[in-house]
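Values quoted throughout were computed directly from the atomic coordinates according to the rules given, and no laboratory measurement underlies them. Just so it is clear, the model here is predicted, and its values are computed rather than measured. Every residue, glycine among them, receives a Cβ derived from its backbone with ideal geometry; neighbour counts consider all protein chains shown.
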Amino acid sequence: MATEIKVRSYAKINWTLDVLFKREDGYHELRTIYQTVSLYDRLHIARTGGEISVACDDGRVPSDETNLAHRAANRLREATGARYGARIEIEKRIPVAGGLGGGSSNAAAALIGLARLWQVPVGDREMVSLAASLGSDVPFFFLGGTALGIGRGEEVYRLEEVLCPHLLLANPGFEVATTDTYGRLSRLTRPETARIIPFTLLAANGNCALPLSASNDLEEVVLAAYPKVAELKRRLLSLGAQHALMSGSGATVFGVFDNLGACERAQNEMRQAGCWAECARTINRQEYNDTIFE
Ligand code: C5P
């Protein structure tokens, strides 16, 4: 039985994000379309006999018990009575607090990796409810590909896959706290009825099928609070993106390009302007499942 494994922890973007209303539990009721993309962190997980420890090569990520992967490991141990410990080392590539689900993905990857290393008997349902207790985006990473997220985002359903080979992810280099972004929503833009997401608009558009009327209700508040994010979006469009939108609660903005050359040129321009920028592509469920363990 292996005692060490490497797990890929993929990033996500949100093709759409509709905020419907504030719920009694303080969360917001969402309708979102999640998508896994090719950018990933790598978790090196080793089974130990002792405690759980986390280390990360990015100093901005906490390595104490507030780290989401650390919390995930603790919860899994409590839930299953596993007698082992673990050392988790995170190679961080996904911008921190950037709307790409990095922390949530790390938590899911830790759960998936540890369930295998510790060989604990944990059912799918139990695992997903454990994931949901760690964060609204965590259950999505048990599915991957293109998925609908409802509730606070934790209830996920498979959708027909969106294929997009030329994406550019761009981040201004500062963190935006999710709680602050939701807190800045001055008006709720959607009525208290579930809106029908225009799946029919997941129509072929060149070599990328994407929701053409895609929007993100959190974008307006982040763009207003951080003009640099608005500038990033404008730049993506002026560099040839057919479509550009903020992901999740920001501040990462993604652009959809119709060819690799334009995407790479935009990546270089963005980097020269001092931004973090990375070309990426969509990862469907099959590839997600096939490549999560290295
Ligand atoms: O679930 P998660 O811990 O990722 O959420 C972080 C914060 O984002 C919550 O504490 C809440 O303030 C806000 N949030 C929300 N509605 C959601 C998801 C998150 O208000 N559906």
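Summary of computed values
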| quantity | calculated |
| --- | --- |
| For the chain: Kirkwood Rh in Å [reciprocal of mean 1/r, alpha carbons] | 19.4 |
| Relative contact order for the chain, counting Cα pairs under 8 Å that sit 6 or more residues apart, in percent | 24 |
| Hits among lysines - C-alpha to C-alpha of Lys22 under 25 Å, sequence gap 8 or more where chains match | Lys12 |
| C-alpha long axis of helix 260-272 to longest principal axis of the chain, angle in ° | 80 |
| Distant-in-sequence amide H partners of Asn216 (H built 1.01 Å from N, under 5 Å) | Leu17 |
| Inter-probe distance in nm under a simple model that places probes 7 Å from Cα toward Cβ, at Glu78 and Ser186 | 4.0 |
| Within the stretch 261-289, backbone nitrogen closer than 17 Å to the virtual label 7 Å beyond the Cα of Arg158 toward Cβ | 283-289 |
| Label-to-label distance, nm, for residues given as Asp290 and Asp25 (7 Å Cα→Cβ offset) | 3.6 |
| Interchain or long-range residues, amide H under 5 Å from Glu155's placed H | Ile150 |
| Most to least packed among 119-128, 65-74 [average Cβ atoms within 10 Å] | 65-74, 119-128 |
| Extension reserve of the Met1-His44 stretch, reckoned as 0.36 nm per residue once the Cα distance is removed | 13.9 nm |
| Projected label distance in nm at Ala177 and Ala225, using a 7 Å step from Cα toward the beta-carbon | 0.9 |
| Relative packing of peptides 282-291, 82-91, 247-256 - highest average C-beta neighbours within 10 Å first | 247-256, 82-91, 282-291 |
| Near-label residues of the stretch 70-100 by backbone N, under 13 Å of a point 7 Å along Cα→Cβ of Ala55 | 87-91 |
